[in-house]
1. Identify, please: which residue in segment 481-496 is closer than 15 Å to ASN558 by Cβ and either over 23 Å from the mean Cα position of the chain (by Cα) or at pLDDT below 95 (or both) and is, among those, least open to solvent (accessible area, probe 1.4 Å)?
2. Mind listing whichever residues of segment 73-88 are of a type in the set (Lys, Arg) and out of contact with any strand residue (DSSP E or B) (no Cβ under 7 Å at 6 or more places or on another chain)?
3. Could you look through segment 654-685, keep only residues that are touching a Ser or Thr at 6+ places or on another chain (Cβ under 9 Å) and of a type in the set (Val, Ile, Thr), and pick out the one that is most open to solvent (accessible area, probe 1.4 Å)?
4. Within the group ILE376, ILE316, which residue is among the hydrophobic types (A, V, I, L, M, F, W, C) and modelled with pLDDT of 95 or more?
5. In contact with a Phe, Trp or Tyr (Cβ under 7 Å, 6 or more places away or on another chain) and at pLDDT 80 or above: does that describe TYR410?
6. Give the residue, chosen from LEU640, LEU661, LEU655, that is closer than 29 Å to LYS142 by Cβ and more than 22 Å from the chain's Cα centre (by Cα).
7. Within segment 256-305, track down each residue that is touching a residue at least 12 places away in the same chain (Cβ under 8 Å), of a type in the set (S, T, N, Q) and either open to solvent by 20 Å² or more (accessible area, probe 1.4 Å) or within 27 Å of ARG240 (Cα to Cα) (or both).
8. Could you tell me which of the residues THR95, THR132 is at pLDDT 90 or above and open to solvent by 10 Å² or more (accessible area, probe 1.4 Å)?
Amino acid sequence: MKMNRFLKILFCASLILNSQFSNLNSVQAQCTVKGVLYDEDNGEAIPYANVVLDGTSHGAATDLNGFFLINRIPAGSYTLRVRYVGYEEHTESITLSGRQTLTLNIKLKSRARQLQSVVITESRSEERKVQTQVSVEKITAKQIQQMPSIGGQSDLAQYLQVLPGVNSTGDQGGQLYIRGGSMIQNLCMLDGMIVYNPFHAIGLYSVFETDMILNANIYTGGFGAEYGGRLSSVMDITTRDGNKRRQSGKVGVNTFGASMLLEGPLKKETDKDKSTISYILSAKNSYLSKSSGTFYPYIESGLPYDFLDLYGKLSINSGSGSKINFFGFRFDDSVSNYHSLNDYHWRNYGFGSNFVLVTGTSSLLEGTLAYSDYKITLDDGSGRDQRSGIKGFNMNIGVTNFYGGNKLHYGIAMEQYSTDYSYYNAYNLRTTQEEHTNNISAYLTYHAQWGKLLFEPGIRYIFYSSLSEGSIEPRLALKYNATDWLRFKLAAGLYSQVFLDARSDNDIVNLFSGFLTGSGDLNKPSTFRGEEIEGCVQRAQHVVLGAEYDITRHLNVNAEVYFKHFHHLLNSNHNKMYDRMDAAYTTPGSPYYIDLYYMTDYMIEDGVAYGLDLSLCYDVERLYVWATYSLGNVERTDELMTYHPHYDRRHTVNLMVTYALGDQREWELSARWSFGSGFPFTQTQGVYEQPSSGSIAQNYTTAQGTYGIYYAELYGGRLPSYHRLDMGVKRKFSIGSRSVLEVNLGVTNVYNRKNMFYFDRMTFERVDQLPFLWSAGMSFSF
């Protein structure tokens, strides 16, 4: 009932807003210009380009599909101007009359490389003035490729590790923590599909092929109302549609693995028919488990990391902005016989479709329907196999209405998923769950610009129908353009989720991260620090304040402070020591009474995360410099204590430099240095022999028992700090007019820093992260 009432209110609000703006539009004869921007060479859409009418305040930025719409234009003659990074400026004269709607199909030509740096700086500055961009990084494939080629190729996982507010477990582990959030609190979407594990166990690689990425939006906090169901961050990745002009591709091989990408048109554009059909396919794999013995014999245990990532997409484009895509993926990752890990494996597959429909003169309809299935298993040799699985579908329908420089975006979203979980804690007590749940959401966001102020309020209502709980979540983003060089910004919002963080708090490094869902029959306490707790919805509040300053045309500084408060988090109970729930042990006053927080499978926590993120970008001619510093603090408070969780890192520093050489910039030198202070971990107090159970006649002095561990204070210790220098060099050779051969050489951990990865408590064996590691590779684009 609550959800129905909210949907009615949202629907009425959108109708009222639409009618008011429609009435405003009808006051005078007004015209509309809309269209799509394409790359002339391959027909790909160009997102975030600036489209303006010279001498007026009318303008717009293209969306991810290259679509733009400018309405409420008085009749008359204008010069339309388009500018974007790396492309020649496009101008054309247009004449509008009556209530005309002019539809354009614009193709931009690539700009000569030596002129790109000035355009990049100007374009980014203009983009920052018209978008709120609070706690968000917009990443393209070209930016990722500026990284040193670790393992023979640049990857999104490597780029994310240099973003402010992002902490990584390092070269191995494949886990990222964003501004105080655990992995389970991060939402990852690929073309609208949910990807449950986007990173491989070797932390150098994500599941995404770099050359397929059109754009990646990384929201580290304060994200808008169009996203929900997670407490901390969002990673929204969009892939390209494929070359619409010709058959093309790229094949690469290196000491770590190989990759292949194929793309091309199935139906080309003609003078009479602008519609196209295109495809794009990618595959990449790692054969480190086989090649490491040959290339890196000095690594004692080898590098038993294998993965295989497959992705395909079919795109049908109308040529006027409307299109439909069909896509599917399968990602596999495995680690075999690596120290105390006998076998670790996960796989994620999915498929779906999304569409864009340009309707009328001032609106856009978008939608997604997708299915995803994820399973993970871990065998540590103890005979207590861990497993987790989650599968289900997600659906989203959204409408965007344009009103001059303002726009209204609203829609509904649904998710349905099933979880299957089995896990043993440090006291050998098993937790299992099989659960089915679903939710439905409605959201609304309005983007407006009033003079120097950008204003983006929003609201989302999410109803967890299987729990009969709802959450109203207002969102807000502001930016004030104080001068042409200085901008202030703010973002705030409320967020919720039902997924639980499930992992062992006593493991120094844990690859296993399962999915649990809050449910009415969850074995958890009914009170938290004297407060009655009802329901299983976890909540968070975000506040982000920041400033951007363009010191020069080529040098930009960004600073943000953030605060996140997490309320009533559900976590696997690290205090659980007993598996008894009968009245003799749970009745106060009983001689056998044990507090519930020592017996429930799950516990309740509150938490905070706060910090400061600084970034500096210098981009001129042949030189690109990116530097970041993050200061963070994460705390969790359970029934017994306040502690710093395993992903609390106080200081993080990243410095990346890229320099191009040669007349055609065919040489590229790059270097990256990273530093992170130590993560918390739970120390070992002592080791003892635990007698095995047997008959009363058993001789305990000769019977063989099992080892047990006395743990010290939870997360009372700190691992050593982590730092690493990587360097790379690339050389491109042009072969004909379209083909390029690229040869690369890279070195990871140049000064052979011994960064800790894993510590076996039973054998007292220390396992370090990657040592000095060279890599070489080549790729051929055609």
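The values are calculated or read from the model by the stated rules, or taken from the named source; none is laboratory data. It should be emphasised that the depicted structure is a prediction, and the values quoted were computed from it without experimental measurement. In this analysis, Cβ positions are derived from the backbone assuming ideal geometry, glycine residues included, and neighbour counts consider all displayed protein chains. We work out accessible area using only protein heavy atoms, side chains counted, and drop any ligands, DNA or RNA first. Shrake-Rupley method; radii C 1.70, N 1.55, O 1.52, S 1.80 Å.
1. Here is the first cut: in segment 481-496, the residues closer than 15 Å to ASN558 by Cβ are 481-482, 485-491.
Applying the additional criterion that residues be either over 23 Å from the mean Cα position of the chain (by Cα) or at pLDDT below 95 (or both) yields 481-482, 485-488.
Values: ASN481: 18, ALA482: 26, TRP485: 111, LEU486: 47, ARG487: 1, PHE488: 97 Å².
Residue satisfying both the conditions and the ranking: ARG487.
2. Filtering segment 73-88 for residues of a type in the set (Lys, Arg) gives 81, 83.
If the condition is that a residue be of a type in the set (Lys, Arg) and out of contact with any strand residue (DSSP E or B) (no Cβ under 7 Å at 6 or more places or on another chain), then no residue fits.
3. Only one residue tops the list, namely VAL657.
4. Details: ILE376 fails: modelled with pLDDT of 95 or more.
Step by step, each of ILE376, ILE316 is checked, and only ILE316 is among the hydrophobic types (A, V, I, L, M, F, W, C) and modelled with pLDDT of 95 or more.
5. Details: in contact with a Phe, Trp or Tyr (Cβ under 7 Å, 6 or more places away or on another chain): yes; at pLDDT 80 or above: yes.
Against the criterion (in contact with a Phe, Trp or Tyr (Cβ under 7 Å, 6 or more places away or on another chain) and at pLDDT 80 or above), TYR410 qualifies.
6. Details: LEU640 fails: closer than 29 Å to LYS142 by Cβ; LEU655 fails: more than 22 Å from the chain's Cα centre (by Cα).
LEU661 is the lone residue from the list that is closer than 29 Å to LYS142 by Cβ and more than 22 Å from the chain's Cα centre (by Cα).
7. SER259, SER275, THR276, SER278, SER282, ASN285, SER286, SER289, SER301
8. Details: THR132 fails: at pLDDT 90 or above.
Testing whether each residue is at pLDDT 90 or above and open to solvent by 10 Å² or more (accessible area, probe 1.4 Å) leaves just THR95.
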